[in-house]
Amino acid sequence: MIELHDASYGYPGRTLLAGVSLTLSRASFHFLTGPSGAGKTTFLKLCYGELRPNAGRLSAFGADLAQLSRDDLAGMRRRIGVVHQDCEFLDHLTLAENVALPLIVAGRPIVESDLADLLAWVGLRGREGALPSELSGGERQRGALARAIIGAPDVILADEPTGNLDWEMSMRLLSLLVELNRMGKTVLIATHDLNLIRTAKTQVAARVLRIKDGQVQTAGADL
Amino acid sequence: MKPISTRSAAPATFAPGIDRIVPAAGASATLTLLAAAAMAFLAVFTLALAFSANRLADSWSGDLAATATVRISAAPDQADLQTRRVLEVLTTTPGVVSSREIPAEETRALLAPWFGPDLPVETLPIPRLVAITTEPQAFDAEGLRLRLSAEAPGAVLDDHSRWRAPLADTAVALRRIAVFSLALIGGATAAMVTLAVQASLAANGQVIRVLRLIGARDVTIARAFVRRYTLRATLGALAGTTVAAAAVAALPVVADGEFLTHLGFSGREWLWALSVPAIAAITALVATRAAALRRLRDEA
Ligand SMILES: Nc1ncnc2c1ncn2[C@@H]1O[C@H](COP(=O)(O)OP(=O)(O)O)[C@@H](O)[C@H]1O
Ligand SMILES: [Mg+2]
């Protein structure tokens, strides 16, 4: 689904990723870990095309990102659901509108009962009309997850999705992502929560990637 | 008895308008509304001016063309004879509908405003005047001049073209200026909404970034802005047009419409005034769409 070929990225004065080659294949389940500031968020931004590699290539769904037109890039992003670390809600819209936004911008119909079911599933029943500023950190993160999956994307990228959630909610979120993975979705979760990774490994065949010194390595049993 | 399934209709859908995705703009939207109202007001008045100029041009080159004067300057003993000859010639001139000698008292009355009532007219060589009504299409002024010079050497035909032409030219120029002004108003409206949309796009950079992240295409983002501003411009133009139309309708009507005409619309011309909001809407739509798409394409 997403392939990196010798891709590098760095901000001026600091190289974060140096010549990374990696494939996220269909229906795979990955964790991405590494200390804070290692470049996890940056890696995800490369995957959904917010950042472009300084060198090397990145292709998504078989198409080279550098060759995509602006509209093709928009089309690609509709196939990738992202749970952003800081949620990226629109402050003037209600929670329900924010969650439905991927469908709104895609011009797709929104079935009210489906939206209500989804919000209930992430534990946000009754919060439909709340503005993002009125939500707690945990509520925002659950809303961000709902927005990431509402458009039935092929790939789900989650950036520290459990950072503001209690253990029970983290488990619910994990089992939802596992469920989606069983349905054939490609899942990548960036996290430094090792307990989450250990629990997940009992439910799904997950590969754990670690960013270290600009390289993305497959982590062994030394979690 | 239980009713059979009533769920035949499509499931209820949640449908916030596409323009909701952009926050309600503050000052620039209000300014767009006010400026569009002002522009529409100006456009309606300029249209009224254009139509009035049009009518003036028509009447100065049309109605006035149907009159002419023959002036006979001759020695007192010749004057009667030449006047008679002129009247004879006129009865056989094609295109002359009627002719009439203007009596001396009437001529004096015509001169009084310029020379005062105490003018010793008897001592002045006042020319005899013959007024003619013509059928402009059939009337040949040059032919008549030739015949008059042969029959009555003291007679001079004045078909008013000498002073009519500059008036008609002025009216035509006025009309041209009005049309040019309308083009300027349209251009200024387009520039104004373009600036407003650009300001709004610049102020909503963060919103646009998020919309892009979730896969919104440029046209979708542009549409949200375009709808907002086109709606504002149209509402403003409607208000401006209404006020201007009421003001024009309230202008006094000049009853004697031969030399002057009232400023305003008559009959079908009102439709043009009513088209101002529609033209403003189209102008705003085209200008904002172009501005929004250009800006979205240029950034990032
Ligand atoms: N826009 C930016 N400009 C410069 N440096 C940045 C920018 N964004 C992130 N960084 C730096 O890049 C490094 C990696 O950031 P990030 O990918 O967010 O790490 P992680 O998600 O693993 O914590 C950090 O040191 C951060 O300070
Ligand atoms: Mg991060």
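Evaluate the relative contact order of chain A (contact order divided by residue number), counting alpha-carbon pairs under 8 angstrom at least 6 apart; express in whole percent.
29
Can you work out D for segment A:78-167 in µm² s⁻¹ from Stokes-Einstein, where Rh is the Kirkwood radius over C-alpha pairs, the temperature is 37 °C and the viscosity is 0.692 mPa s?
Working: Rh = 12.9 Å.
Diffusion coefficient, whole number: 255 µm²/s.
Dividing the alpha-carbon radius of gyration of segment A:1-129 by 2.2 N^0.38 Å (N being the number of residues), what value is obtained?
1.23
Share of Cα-Cα pairs in segment A:120-223 beyond 18 Å, in percent?
51
Given a Förster distance of 56 Å, report the FRET efficiency between A:ASP91 and A:SER21 from their Cβ-Cβ distance, rounded to the nearest 0.05.
Efficiency, from the Cβ-Cβ distance: 0.90.
Sorted from largest down, what three extents in whole angstroms do the Cα atoms of the protein assembly as shown have along their principal axes?
Largest first, the protein assembly as shown extends 138, 70, 42 Å along its Cα principal axes.
From the helices alone, meaning DSSP H stretches of at least four residues, give me the mean residue ellipticity at 222 nm for chain B, per-run term -39500 (n - 2.57), in deg cm²/dmol to the nearest 500.
On the way: 9 runs with 187 residues, N = 300.
After summing the helix terms and dividing by the residues of chain B, the value is -21500 deg cm²/dmol.
Can you give the charge dipole size of segment A:76-115 about its Cα centre, rounded to the nearest 20 debye, using +1 on the beta carbon of Lys and Arg and -1 on the beta carbon of Asp and Glu?
For this selection, approximately 340 debye.
Report the relative contact order of segment A:33-118, percent, no decimals, based on alpha-carbon pairs under 8 angstrom and at least 6 residues apart. Can you show the working numbers first?
Details: 37 pairs, mean separation 13.9, N = 86.
That works out to 16 percent.
In whole angstrom, and with the biggest value first, how far do the Cα coordinates of chain B range along each principal axis?
112, 58, 37
Largest first and to the nearest Å, give the Cα extent of segment B:91-223 along each principal axis.
Between the extreme Cα coordinates on each principal axis of segment B:91-223 lie 97, 40, 19 Å.
Just to be sure I follow the rule: in the protein assembly as shown, considering lysines 8 or more places apart or on different chains, how many pairs have Cα atoms under 23 Å apart?
Number of lysine pairs found: 7.
Only bridges with both residues in the protein assembly as shown count here: give the DSSP antiparallel percent, nearest 5.
If I count the DSSP bridges inside the protein assembly as shown, around 65 percent turn out antiparallel.
Given the options B:ILE282, A:SER175, A:PRO109, identify the residue whose Cα lies farthest towards the positive end of the charge dipole of the protein assembly as shown (+1 on Cβ of Lys, Arg; -1 on Cβ of Asp, Glu).
A:SER175
Apply the Karplus curve 6.51 cos²θ - 1.76 cosθ + 1.60, θ = phi - 60°, to the phi angles in segment B:41-52 and return the couplings in whole Hz, x for Gly and Pro.
4, 4, 4, 5, 5, 5, 4, 4, 4, 4, 5, 5
As a test of the formula, what do you get for chain A when each DSSP H run with n ≥ 4 contributes -39,500 (n - 2.57) and the sum is divided by the residue count, at 222 nm and rounded to the nearest 500 deg cm²/dmol?
Value at 222 nm, helices only: -10500 deg cm²/dmol.
Using only alpha carbon pairs under 8 Å that are at least six residues apart, calculate the relative contact order of chain B and give it in whole percent.
It rounds to 34 percent for chain B.
With the Cα gyration tensor of chain A in hand, give its eigenvalues times 5 under a square root as the equivalent ellipsoid semi-axes, listed largest first in whole angstrom. Working shown, then result.
Working: eigenvalues 152, 87, 52 Å².
Listed largest to smallest, the semi-axes of chain A are 28, 21, 16 Å.
Throughout, read-outs are computed from the coordinates displayed, never taken from laboratory work. In this text the structure is predicted, and so the values were computed from the model without any measurement. Note: ideal-geometry Cβ built from the backbone for every residue, glycine included; neighbour counts use all protein chains shown.
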